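The values are calculated or read from the model by the stated rules, or taken from the named source; none is laboratory data. All values derive from a computational prediction rather than experimental measurement. Cβ coordinates were reconstructed from backbone atoms using ideal geometry, including for glycine residues, and neighbour counts include every protein chain displayed. Heads up: the accessible areas ignore ligands, DNA and RNA and are worked out on the full protein's heavy atoms, side chains in. Shrake-Rupley method; radii C 1.70, N 1.55, O 1.52, S 1.80 Å.
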Amino acid sequence: MTADEFRLLLVTQSVPPAPGADPELDAVQAELYRLDPAGSGVAAVLRDTLDQLYDGQHTGRWNYDQLHKTEWPRRGSLAPNLLLGLDAATRDRIFGARAARGQQHGQARTNELFRSVQRRIIRRADLATVAQQDDFMKRARGNGGARTQLRAEGILVLGHQDSDPLIAAALGLPAPSKGEFISARVVAAQAGRDDPVAIVAGQPWALARAGDPVVPAPVVPRKQQPGQPQPGQPQPGQPQPGQPQPGQPQPGGEQPQLLADWPEASDRHR
């Protein structure tokens, strides 16, 4: 069997030949299974290929049928598509979301994505397709993103950084990998329930059940960025509590220290 014949077989053969009918094909199949037992590697390549074709961040496309004929790759088994797998009403609600005020429609769509698609991994490409903005990853995070805006609804938005994957796993959710997110509504863990529990900021939390009241989701502690002072500590170049400002006379008539003469922040906090 030539390479062209093999590719044609993959495209047109809906039912594979019986084992033993083509020893060379059997050998190829066996090697693929040896290298990629679960098929995740092949699926990732197919998924990335389609993501590049869709270019959802700039086009909003998410469906194979939205491609032009000249863009079609050869048909074969495709990796799962989150947006394609949603029911039409949910998908329309996500893409139809609009900001109540201003033009932050990309943020509104992102919020609706995490609100409507909970307990499932949301990939970077899915988020880009929904947000359709250059800073689409920011739309999911804190500091004004979905993580902040959905907290009042009890929805926890977890990514791959800090303790997020551990919290997701403790709650019984899939743990996000790099570039992935997952959302879920949570409540304070209750005695008498056997729900998986995650400790967040020192308190036990669990996935919300139907009928549970809505309570604000916890704030997941984040690692301190290099160069940033800890909460409650003075900013670099600022005096410590009780220390006079530069230029002010010090007790006992001593001459004030110049700012350039102060010890570095790292020395002052040792």
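Any idea which of 193, 222, 209 is under 27 Å from residue 131 (Cβ atoms) and basic (Lys, Arg)? Walk me through how you get there before you give the answer.
Numbers: 193 fails: under 27 Å from residue 131 (Cβ atoms); 209 fails: under 27 Å from residue 131 (Cβ atoms).
One residue alone meets the criteria, 222.
For region 179-187, the count of residues that are in a strand (DSSP E or B) and either open to solvent by 60 Å² or more (accessible area, probe 1.4 Å) or small (Gly, Ala, Ser) (or both) is nonzero.
Mind listing just one residue for me: the one in region 106-125 that is open to solvent by less than 10 Å² (accessible area, probe 1.4 Å) and under 12 Å from the mean Cα position of the chain (by Cα) and, of those, nearest to residue 179 (Cα to Cα)? Explain how you work it out, then say what you get.
Going through region 106-125, the residues open to solvent by less than 10 Å² (accessible area, probe 1.4 Å) turn out to be 106-107, 110, 113-114, 117, 122.
Still in the running and under 12 Å from the mean Cα position of the chain (by Cα): 110, 113-114, 122.
Values: 110: 15, 113: 16, 114: 15, 122: 9 Å.
By that ranking, first place goes to 122.
Considering only residues in region 156-169 that are open to solvent by 40 Å² or more (accessible area, probe 1.4 Å) and of a type in the set (A, V, I, L, M), the one that is nearest to residue 119 (Cα to Cα) turns out to be 169. Among the residues making up region 196-220, those that are among the small types (Gly, Ala, Ser), under 13 Å from residue 156 (Cβ atoms) and either free of Cβ contacts under 8 Å to residues at least 12 places away in the same chain or surrounded by 19 or more Cβ atoms within 10 Å (Cβ to Cβ) (or both) are 198, 206, 208, 217. Only residues that are within 13 Å of residue 222 (Cα to Cα) and hydroxyl-bearing (Ser, Thr, Tyr) were counted across region 140-181, and they come to 1. Selection of first residues in region 181-195 that are farther than 21 Å from residue 140 by Cα and free of Cβ contacts under 8 Å to residues at least 24 places away in the same chain and of second residues that are open to solvent by 70 Å² or more (accessible area, probe 1.4 Å) and assigned to a loop (DSSP other than H, G, I, E, B), restricted to Cβ pairs under 9 Å at least 6 apart or on distinct chains, gives the following pairs, ordered by first then second residue: 193/209; 195/209.
Where residues in region 3-46 are touching a helix residue (DSSP H, G or I) at 6+ places or on another chain (Cβ under 9 Å) and modelled with pLDDT under 80, which of them is least open to solvent (accessible area, probe 1.4 Å)? Filtering region 3-46 for residues that are touching a helix residue (DSSP H, G or I) at 6+ places or on another chain (Cβ under 9 Å) and modelled with pLDDT under 80, the one least open to solvent (accessible area, probe 1.4 Å) comes out as 9. Figure legend. Inter-residue proximity from region 47-69: first residues at pLDDT 70 or above, second residues open to solvent by less than 40 Å² (accessible area, probe 1.4 Å) and β-branched (Val, Ile, Thr), beta-carbon distance below 7 Å, spacing 6+ or different chains. Indicated pairs: 54/129; 57/129; 60/129. In this structure, residue 232 does not satisfy being on the phi > 0 side of the Ramachandran plot and modelled with pLDDT of 50 or more. Scanning region 134-147 for residues that are crowded, with 19+ Cβ neighbours inside 10 Å and in contact (Cβ under 8 Å) with a residue 24 or more places away in the chain, we see that the one that is nearest to the chain's Cα centre (by Cα) is 140.
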